[in-house]
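Written out below as structure tokens is the structure these notes cover.
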Amino acid sequence: MDKFRIVGGKQLSGTVAVSGAKNSALPCLAAALLTPETVTLHNVPYVRDLITMRRLLEDLGCTVLVPALRTHQINAGTVDACEAPYELVKTMRASVLVLGPLVARFGEARVSLPGGCAIGQRPIDLHLKALEQMGAKIELQGGVVQARADRLQGADIEFEMVTVGGTENLMMAATLAQGTTRLINAACEPEISDLADLLTKMGAYIEGAGTSTITIEGVNALGGAIHTIIPDRIETGTLIIAAAITRSELIITDCNPQHLTAVLDKLRDAGVVIEEVNETTLRVKGNGQLRAVDLTTEVYPGFPTDMQAQYLTLMTQAEGDAEINETIFENRFMHVSELQRLGANLRVHGHQCHTHGPTLLTGAKLIASDLRASASLVLAGLAAQGETWIDRVYHIDRGYEKIEEKLRSVGAEIERIKG
Ligand code: EPZ
């Protein structure tokens with residue numbers, strides 16, 4: 001298993017570009033199952049989860065061409081299977097995103113039920129309940145969810161809680177349903193709007209994506225489309241914190257600051273100077289005094305849970321005390337015990353973590369537990385004195401494109417040790 005070796009305390013400087021959003025590219029790839037025509041996606045990040053999604057689509061019988069790095073041409077005209085096998089689902093929960101498209105287009109889908117994962121139980125009950133409301137018959141046999149429907153019927157679906165994947169699955173399913181579907185209490189994340197943009201280009205009728213009520217008018221068939229994936233807002237936020245935690249100045253390009261309002265506001269409150277150079281470029285100056293500021297994760301447009309670990313790491317370097325409140329996942333503080341090994345002063349009680357800073361971090365051997373926790377350990381390693389080793393960096397490879405190369409290009413001392 002690969003490891004990272006980081007020598008901390010180096011100043012960063014220069015320009016770094018953000019890749020396409022993993023969490024947008026994943027549902028957009030799944031959406032290609034809705035049509036026999038070719039869907040071309042640009043700006044698909046070169047990360048492990050996207051390779052897994054590509055394998056899943058190929059497993060189902062799709063042809064996926066990659067004519068240029070980060071461009072995917074998916075043709076689902078020859079799909080001959082409707083099952084997402086456990087081997088793929090267990091490595092990537094986003095595999096469940098094929099459920100809606102498969103049952104909508106082929107009247108049948110089988111997807112292994114994902115188990116729990118490092119950050120929480122993460123059930124898919126809301127996806128299944130909503131599909132049932134659209135007329136699908138759902139059965140669970142041997143750990144496999146089977147969904148069948150002659151044709152899905154439009155319905156008013158009110159989600160009990162906001163679910164990003166549930167909104168995406170049902171929005172895709174509803175595009176080919178008979179009649180009108182209204183998704184109420186829908187997720188508003190930019191990734192939902194991006195998927196809706198793609199589906200609209202494919203011929204779907206969707207209104208309200210990006211708000212809490214989405215209306216979809218079903219059509220008989222969808223066609224091919226060409227679409228460019230939005231920038232990754234979580235990678236952008238992670239890079240901003242890389243500049244802040246190393247007291248450096250970085251220019252971050254190819255991003256969309258409008259998708260990061262809550263993150264930018266919070267970081268500015270904490271003393272990070274962030275200048276919006278233009279619509280796609282930020283300049284971060286991390287040389288001011290960092291202040292501890294409380295945080296509560298929320299659904300969009302609130303502060304994203306996917307930035308909590310990185311922010312918590314920044315708070316170890318801020319003056320004072322902060323309460324970090326995680327409201328989306330029940331077990332998303334796996335990074336805390338690793339950060340404590342570097343010397344961070346942190347205390348977890350239930351869904352909250354109390355931070356006290358600033359503390360001098362000193363390099364140690366760490367183990368990455370999940371994607372965003374790994375990112376937070378890399379950030380801590382950049383700030384720590386001496387050498388930090390991070391094991392199991394395959395977690396970070398799931399969602400960050402060549403993070404070590406990007407950081408090295410702006411002056412970080414970080415290398416991958418193959419193992
Ligand atoms: C998406 O996961 C993202 N993944 C996650 O990013 C992100 O953390 C999460 O949304 C929240 O923003 C992708 O987009 C591929 P949810 P998703 O359904 O869709 C509960 C990362 O690091 N829930 O919005 O799985 C669930 O357990 C990842 O890039 C149910 O109870 O998240 C959680 O507590 C990790 N029943 C909450 O809702 C359901 O049927 C939000 O989950 C569905 C969800």
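Share of carbon and sulfur in the accessible area of the chain stands at 47%, probe radius 1.4 Å. Structural descriptor for region 1-113: relative contact order 25 percent, calculated from alpha carbon pairs under 8 angstrom and at least 6 residues apart. Taking square-rooted eigenvalues a ≥ b ≥ c of the alpha carbon gyration tensor, is region 377-416 rounded, prolate or oblate, where a/c under 1.5 means rounded and, failing that, a/b exceeding b/c means prolate? Note, shape of region 377-416 comes out oblate. For region 303-383, just say rounded, prolate or oblate: build the C-alpha gyration tensor, square-root its eigenvalues into a ≥ b ≥ c, call rounded for a/c under 1.5, and beyond that prolate if a/b exceeds b/c, oblate if not. Because a/c hits 1.5 or more and a/b fails to exceed b/c, region 303-383 counts as oblate. When you count the other C-beta atoms within 10 angstrom of each residue and take the mean per peptide, 23-34, 237-248, 318-329 line up highest first as 23-34, 237-248, 318-329. Remark: region 199-344 carries 38 Å² of accessible area per residue (probe radius 1.4 Å; ligands, DNA and RNA excluded). A dipole drawn for the chain from +1 and -1 charges on Cβ atoms has a positive end, and of L102, Q121, F159 the residue lying farthest that way is Q121. Compactness of region 100-255 is given as radius of gyration and Dmax, 17.9, 59 Å, from Cα positions. Computed from phi, the 3J(HN,Hα) profile of region 368-381 under the Karplus parametrisation 6.51, -1.76, 1.60 (θ = phi - 60°) reads 6, 10, 7, 4, 6, 4, 4, 4, 5, 6, 4, 4, 5, x Hz, with x in place of Gly and Pro.
For K406, the lysines whose Cα falls under 26 Å of its own Cα, not counting residues fewer than eight places away in the same chain, are K3, K10, K22, K266, K285, K365, K418.
Here the average projected area of the convex hull drawn through the C-alpha atoms of region 76-137 stands at 4.4 nm².
Placing +1 on the Cβ of every Lys and Arg and -1 on the Cβ of every Asp and Glu, with no other charges, gives region 23-75 a dipole of roughly 160 debye about its Cα centre. Taking the C-alpha atoms only, the angle from helix 190-201 to the longest principal axis of the chain is near 30 degrees.
Residues in region 19-126 average 35 Å² of solvent-accessible surface per residue, probe 1.4 Å, ligands and nucleic acids excluded. Taking the inverse of the mean 1/r over every pair of distinct Cα atoms in the chain gives a Kirkwood hydrodynamic radius of 21.8 Å.
Computed extension length for T211-R5: 69.9 nm, one decimal, from 0.36 nm per residue of separation with the Cα-Cα distance subtracted.
For region 289-343, dividing the convex hull volume of the Cα atoms by the residue count gives 78 Å³ per residue. Modelled spin labels at T362 and D80, positioned 7 Å past Cα toward Cβ, are 6.2 nm from each other.
The convex hull defined by the C-alpha atoms of region 11-118 has an orientation-averaged projected area of 8.1 nm². Overall, the anisotropy analysis places region 126-188 in the oblate class: the square-rooted eigenvalues a ≥ b ≥ c of its C-alpha gyration tensor yield a/c not less than 1.5, with a/b not exceeding b/c. Over the residues of the chain, the helix contribution to mean residue ellipticity at 222 nm works out to -9000 deg cm²/dmol, using -39500 (n - 2.57) for each DSSP H run of at least 4. Legend: P(r) of region 160-209 from all alpha carbon pair distances, 10 Å bins from 0, whole percents, reading 27, 61, 12.
At full extension, E415 and E275 could sit 47.4 nm farther apart than now, given 0.36 nm per residue minus the alpha carbon distance.
The values are calculated or read from the model by the stated rules, or taken from the named source; none is laboratory data. Nothing here was measured: the structure is a model prediction, and the numbers come from that model. All Cβ positions, glycine included, derive from the backbone under ideal geometry; neighbour counts span all protein chains shown. To get the accessible areas, we keep the full protein, side chains included, count just its heavy atoms, and leave off ligands, DNA and RNA. Shrake-Rupley method; radii C 1.70, N 1.55, O 1.52, S 1.80 Å.
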